[in-house]
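Q: Starting off with a structure, shown below.
Coordinate-derived values only; no laboratory data. This structure is a prediction, so every number in the text was calculated from the model and none was measured. As a convention, Cβ positions derive from the backbone with ideal geometry for all residues, glycine included, and neighbour counts pool all protein chains shown.
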Amino acid sequence: MSGKSDKKKSLVPRLRFPEFREAGAWEVKRLGGIYRFKPTNSWSRDQLNYDSGTIKNIHYGDIHKELNSTFRIDDEVVPYVNDTLADSVKEGAFCEEGDIVLADASEDVDDIGKAIEIVNIGGQRLVSGLHTILVSRIDHRIVVGFGAYLHASSGVRKQIQQRAQGAKILGISKAQLAEVKLAYPTEAREQQKIAHCLSSLDEVIWLQAKKVQALKQHKKGLMQQLFPAEGETTPRLRFPEFREA
């Protein structure tokens, strides 16, 4: 299939839920045929704050390090735009549920084009900031919640990495991104089932990560007690058989 063709390609995943095994091939279309590009801003960190404001801003650095791929605004720590800049935001620049925000620059090939999907915005005003590309669904063929996993799939990630350009800093343009091919099931129910399955796994991973963090803190506390403090020769905590040693 040529780069500019949106013709349907016979594509069926190796693993499929039983109720969709006879649903036919997935659709394959260019990103530019499914999403439209929206305005972003180039405000630096010193033009943002974490104290107050009426508009929140997604910085590309937060996509790389902090934000979940399925972005729910009440679960994330996102800075505000300084009030002096709020009036300069165009109405068409605000994020909507189902939008995808991608980082268009990275020092690491694994992170170039890393994306988050705006799943829940809670009625708040949110914009896409420095070194990001913001795309919005042209229609609702991609259901909210599925987009995050679609853009994180190996096939999509590989295409973005191959298109990235640069030496020390990699970048990808809107034109390059528009040519990336996306494969998705045409039936919304199948997209929802996939998203629900993967989000359930994400929740398990998150809970396990919390347990690991708690164990690390417990270990740290034990080490502080099992070894003598500075200026002391006996630890505060000792196994019973060695307390008289």
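Q: Taking Cα centroids, how far is segment 197-245 from segment 46-71 in Å?
A: Measuring centre to centre over Cα atoms gives 32 Å.
Q: Here's a follow-up. Using amide H atoms built in the peptide plane, which far-off residues or other-chain residues are under 5 Å from LEU182 H to H?
A: Those qualifying (amide H under 5 Å, at least 5 residues apart or on another chain) are LYS29, ARG30, LEU31.
Q: Moving to a separate point now. Nearest 10 degrees, 0 to 90: what angle lies between the long axis of helix 154-163 and the longest principal axis of the chain (Cα atoms)?
A: Compared with the principal axis, the helix lies near 80 degrees.
Q: Ranked by Cβ crowding within 10 angstrom, fewest neighbours first, how are ILE63, ILE55, ILE138 ordered?
A: ILE138, ILE55, ILE63
Q: List residues of segment 164-192, by number, whose backbone nitrogen lies under 15 Å from a label position 7 Å along Cα→C-beta of GLU107.
A: Taking a point 7 Å out along Cα→Cβ of GLU107, the residues of segment 164-192 whose backbone N falls under 15 Å are 167-171.
Q: Which option, [x] 0.99; [y] 0.92; [z] 1.30, is the value of Cα Rg over 2.2 N^0.38 Å that was calculated from these coordinates?
A: Computed from the coordinates, Cα Rg over 2.2 N^0.38 Å corresponds to [z].
Q: Looking at the square roots a ≥ b ≥ c of the eigenvalues of the Cα gyration tensor of segment 97-219, which shape do they give, rounded for a/c under 1.5, prolate if a/b is larger than b/c, or oblate?
A: oblate
Q: Let me ask something else. Can you tell me the orientation of helix 188-226 relative to the chain, as the angle in degrees between its alpha-carbon axis and the longest Cα principal axis, to the nearest 10?
A: Once rounded, the angle reads 20 degrees.
Q: Among LYS158/LYS181; LYS56/LYS181; LYS56/LYS174; LYS29/LYS158; LYS114/LYS181, which pairs are too far apart, with a Cα-Cα distance over 19 Å?
A: Going by Cα-Cα distance, LYS56/LYS181; LYS56/LYS174 fall outside the 19 Å limit.
Q: What full-extension length gain, to one decimal in nm, is calculated for LYS65 and ASN49 as 0.36 nm per residue of separation minus the Cα-Cα distance?
A: Additional length available on full extension: 4.0 nm.
Q: Okay, next question. Aspartates and glutamates within cross-link reach of LYS210: Cα-Cα under 18 Å, excluding same-chain residues under 8 positions apart?
A: Partners found: GLU66, ASP75, GLU76, ASP202.
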